[in-house]
Amino acid sequence: MPIKKPRGVPDILPGETDRWQHLERVVRELAHVYGYQEIRTPIFEFTELFQRGVGEGTDIVAKEMYTFNDRRGRSLSLRPEGTAAVVRAFIENNMYTWPQPVKLYYIGPMFRYDRPQAGRYRQFHQFGAEVFGSTEPGVDAEVIELLLRFYKILGLKGLSLEISSVGCPECRKELTDSLVSYIRPQTAGLCKDCRDRVDRNPLRLLDCKEPGCKELLREAPTPLDFLCLSCSAHFAALRQELLALKISYNINPHMVRGLDYYTGTSFEVILPGIGAQSAIGAGGRYDNLVKTCGGPPTPGVGFAVGIERTLLALEEQGIEFSGDTQPGVFVVAVGEDAVRHALRILQALREAGIRADRDHANRGLKAQLKQAHRRGVKWVVIVGEEELSRGTAALRAMDTGEQVEVNESELIPRLRAWRA
Ligand code: HAM
């Protein structure tokens, strides 16, 4: 029996990787332009980091982590998201002593044990950005602008930005009490998950997608009703900044992110029509997280984009990438000496940065040409005994069938000129 891969962890096959590489190039160029430096953190961390950072009461930590003991019995978890790990690295490497703000980005796989469906996987990838060391609302706006610019460069349409503020722990204390008193008499009408949430994580009641719960919570108190003066001023300033950058948004008072570290600004980019999973990117401010993880008090704000969801959306909107723009050359040779010589030509082409390949199965001339055709190459270089004796090669354009004999020294300049 062949062994299959676990559910919800897709292979990314040749052919699909062009799209990934294009997207990754966009990320890197954009990060460079906005002054973000790349960070790569490990795939697994001590479980405690996520318990403390993301929050033990969250679904992500309580139900969705891949947790295991190593050989010495220490509990490790595959990272379910990037922020906590970047914060850990920020503290561990004393980045708080660097010139602030420190602006970082990452691309990599994350792991969550959730029910797989279109746009939701157990291994998925995120592009994330995090800024440390500034409470300025202008930084929140920059991060949001970067996120939207990313989608714009890719050509995605129909996105909407939703923003809110979840307030600081002070604002939230009152909110939680008020929310619980509001919902307590109506718990019988809630879904099973929400009945659990009333005691475990009442804020999450606000963004339940079940129609019954939505209805019951329509008039419920939200974080925006309880913002303290400072949170309220920060949120107002952020809206001004967005206005100045001509970024339109909807305020969604019911937005509650599924991670406990948020304080103040929170946002999601929504794209209707990519299945049940409509958030293709999301983030917010986490001014207490560095401290919670054992570092000096340092504010932070950031986002993460779901790469698979972004690619799905691009596909649904029929947005194609040009993929590999190199022509591709196939070197065809017949006869022992010619084959040996063809190897040197192949080496020279590759050295010159031209994508080139040859037959590896001792096929005859016709069969080699057929191979070239099947691979969709644009040009074939043919070396036979006669060409060999004359120091030439035949160059054939596959689309027109046009063939010319050129001196070997002309081969590379000719291919380069055709490519341009
Ligand atoms: P998140 O909302 O949990 O936030 O995830 C961010 C994005 O990752 C989602 O909007 C979605 O596109 C994608 N995503 C999440 N789970 C899955 C899944 N199972 N399959 C496919 N895509 C998924 C965070 O992770 C925070 N760390 C974001 C952040 C950074 N906040 C501040 N800085």
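One table, with the values for the structure above:
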read-out: The stretch 80-95: number of residues that are within 12 Å of the ligand (Cβ to nearest atom) and assigned to a loop (DSSP other than H, G, I, E, B); value: 3
read-out: Filtered residue count, the stretch 86-138, keeping only those that are touching a strand residue (DSSP E or B) at 6+ places or on another chain (Cβ under 7 Å) and of a type in the set (D, E, K, R); value: 5
read-out: Residue within the stretch 39-54 that is within 12 Å of the ligand (Cβ to nearest atom), more than 19 Å from GLY306 (Cβ to Cβ) and modelled with pLDDT of 95 or more present; value: yes
read-out: Test: PHE127 is in a strand (DSSP E or B) and either among the β-branched types (Val, Ile, Thr) or surrounded by 20 or more Cβ atoms within 10 Å (Cβ to Cβ) (or both); value: yes
read-out: Residue match in the stretch 315-329 (condition: away from the ligand (no atom under 16 Å from the Cβ), part of a strand (DSSP E or B) and more than 30 Å from GLN100 (Cα to Cα)); value: yes
read-out: Number of positions in the stretch 210-231 that are in contact (Cβ under 8 Å) with a residue 60 or more places away in the chain and surrounded by fewer than 16 Cβ atoms within 10 Å (Cβ to Cβ); value: 2
read-out: Subset tally (residues that are assigned to a loop (DSSP other than H, G, I, E, B) and touching a Ser or Thr at 6+ places or on another chain (Cβ under 8 Å)) for the stretch 177-201; value: 1
read-out: 2 or more residues within 20 Å of the chain's Cα centre (by Cα): qualifying helices (runs of 4 or more DSSP H) within the stretch 1-75; value: 17-34
read-out: First in the stretch 245-261 and of a type in the set (Asp, Glu), second anywhere and within 11 Å of the ligand (Cβ to nearest atom) and at pLDDT 90 or above, Cβ under 7 Å, 6 or more apart; value: ASP260/VAL54
read-out: Qualifying residue in the stretch 277-298 (condition: touching an Asp or Glu at 6+ places or on another chain (Cβ under 6 Å), touching a residue at least 12 places away in the same chain (Cβ under 8 Å) and away from the ligand (no atom under 12 Å from the Cβ)); value: no
read-out: Unique residue being charged (D, E, K, R), part of a loop (DSSP other than H, G, I, E, B) and more than 16 Å from the ligand (Cβ to nearest atom) when the list is GLU174, GLU170, GLU219, GLU215; value: GLU219
read-out: Some residue of the stretch 96-113 being in a loop (DSSP other than H, G, I, E, B), touching a Lys or Arg at 6+ places or on another chain (Cβ under 6 Å) and surrounded by 20 or more Cβ atoms within 10 Å (Cβ to Cβ); value: no
read-out: Residue match in the stretch 135-152 (condition: within 10 Å of the ligand (Cβ to nearest atom), buried (at least 21 other Cβ atoms within 10 Å of the Cβ) and over 28 Å from ASP11 (Cα atoms)); value: yes
read-out: Answer from ARG239, ARG257, ARG204 - the residue that is among the basic types (Lys, Arg) and outside any helix (DSSP H, G or I); value: ARG257
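Quick grid of which residues meet (1) at pLDDT 95 or above; (2) in a strand (DSSP E or B):
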| site | (1), (2) |
| --- | --- |
| GLU268 | yes, yes |
| PRO272 | no, no |
| VAL305 | yes, yes |
| GLU308 | yes, no |
| VAL332 | yes, yes |
| ALA338 | no, no |
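Conditions tested, residue by residue: (1) within 32 Å of the chain's Cα centre (by Cα); (2) over 26 Å from VAL87 (Cα atoms); (3) among the β-branched types (Val, Ile, Thr).
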position: GLU136; (1), (2), (3): yes, no, no
position: ILE144; (1), (2), (3): yes, no, yes
position: GLU170; (1), (2), (3): no, no, no
position: SER181; (1), (2), (3): no, yes, no
position: ARG197; (1), (2), (3): yes, yes, no
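The values are calculated or read from the model by the stated rules, or taken from the named source; none is laboratory data. All values derive from a computational prediction rather than experimental measurement. All Cβ positions, glycine included, derive from the backbone under ideal geometry; neighbour counts span all protein chains shown.
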